[in-house]
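The values are calculated or read from the model by the stated rules, or taken from the named source; none is laboratory data. Just so it is clear, the model here is predicted, and its values are computed rather than measured. With ideal geometry, Cβ positions are generated from the backbone for all residues, glycine too; neighbour counts draw on all protein chains shown. In case anyone asks, the SASA skips ligands and DNA or RNA and just uses the protein heavy atoms, side chains included. Shrake-Rupley method; radii C 1.70, N 1.55, O 1.52, S 1.80 Å.
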Amino acid sequence: MTVYDIAAELPSIDVLRDRCRALAVLECVVDGGEPYYAYARDWGADEAASMDNGSGDEWTVVFTADGAFIRVFDPDGSGLLEILLDDIAERYVAFAEDHYDDVELDRTAVERIVAQLPLTDPVVRALNPAVTLAGLHEAVTAIGYPVAAS
C-alpha cells in the first residue's frame, strides 16, 4: 500500500480528528512519558496531531478551518499512516504490544477510547493500573477528549 492508497482510504476530517485524539489519549494512559502519538488543540490558530517514533520518522496532521493536511517524513510514509485507517483499535493494540515491553492491552478499553466515550478511571486502570484518571485529567482535557464526571 502506498501513501496515495492510504490517502484514498482515510476517513472524513471529523473522524480523522477523533482517531488522532484517541491515539493521543491512549498514549497518555499506556506510556505517560514522551508520547509516540500526541494532539495539540492550540497549534497556533489550528489543531494538530502528530506521531514521532524518536528515530526521525514522523507525521503531522494539521486541522484548519478550511480542512486538513498531512505531512509525513519517511521514504513513502504509508506504514506510519496505516493506524489512521479502519480497525484503529486493533491496530493500536498491535502497535502497543510490539512497541512497549510487557504490555498486553484490554481491547475493549481501547475500543471505548476510540469510540470517544468519556474516559473513566476503570478504563484507565484496565489499560495501565499504575495511573489514574485524576492524574491524567489535565493532559486528557488538553487534548479535547471527553472525561466522565467524577
For segment 72-91, what are the residues that are out of contact with any Gly (no Cβ under 9 Å at 6 or more places or on another chain) and either open to solvent by 40 Å² or more (accessible area, probe 1.4 Å) or at positive phi (or both)?
Val72, Pro75, Asp76, Gly77, Gly79, Glu82, Asp86, Asp87, Glu90, Arg91
Selection from segment 1-22 of residues under 21 Å from Gly54 (Cα atoms) and either exposed (fewer than 14 other Cβ atoms within 10 Å of the Cβ) or of a type in the set (Gly, Ala, Ser) (or both) yields Ala22
Expected output for segment 67-80 (first residue within 14 Å of Ile6 (Cβ to Cβ) and hydrophobic (A, V, I, L, M, F, W, C), partner part of a strand (DSSP E or B) and open to solvent by 50 Å² or more (accessible area, probe 1.4 Å), Cβ below 8 Å, 6+ apart or cross-chain) is Val72/Glu58; Leu80/Glu58
Out of segment 128-143, which residues are surrounded by fewer than 16 Cβ atoms within 10 Å (Cβ to Cβ) and not in a helix (DSSP H, G or I)?
Pro129, Ala130, Thr132
Among the residues of segment 101-127, the number that are open to solvent by less than 30 Å² (accessible area, probe 1.4 Å) and in a loop (DSSP other than H, G, I, E, B) is 1
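Looking only at residues in segment 35-50 that are within 9 Å of the chain's Cα centre (by Cα) and touching a residue at least 60 places away in the same chain (Cβ under 8 Å), which one is nearest to Asp18 (Cα to Cα)?
Step one: list which residues in segment 35-50 are within 9 Å of the chain's Cα centre (by Cα), which gives 36-39, 49-50.
With touching a residue at least 60 places away in the same chain (Cβ under 8 Å) added as a condition, the list becomes 36, 39.
Working: Tyr36: 17, Tyr39: 10 Å.
Once the filter is applied, the top-ranked residue is Tyr39.
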Val25: passes all of (1) assigned to a helix (DSSP H, G or I); (2) open to solvent by 50 Å² or more (accessible area, probe 1.4 Å) but (2)
Boolean, Val62 is in contact with a strand residue (DSSP E or B) (Cβ under 7 Å, 6 or more places away or on another chain), surrounded by 15 or more Cβ atoms within 10 Å (Cβ to Cβ) and under 16 Å from Val15 (Cα atoms):
yes
Any residue in segment 7-23 that is touching a Phe, Trp or Tyr at 6+ places or on another chain (Cβ under 8 Å) and more than 23 Å from Thr108 (Cα to Cα)?
yes
Among (1) open to solvent by 20 Å² or more (accessible area, probe 1.4 Å); (2) within 26 Å of Ile13 (Cα to Cα); (3) in a loop (DSSP other than H, G, I, E, B); (4) not basic (Lys, Arg), where does Ala94 come up short?
(3)
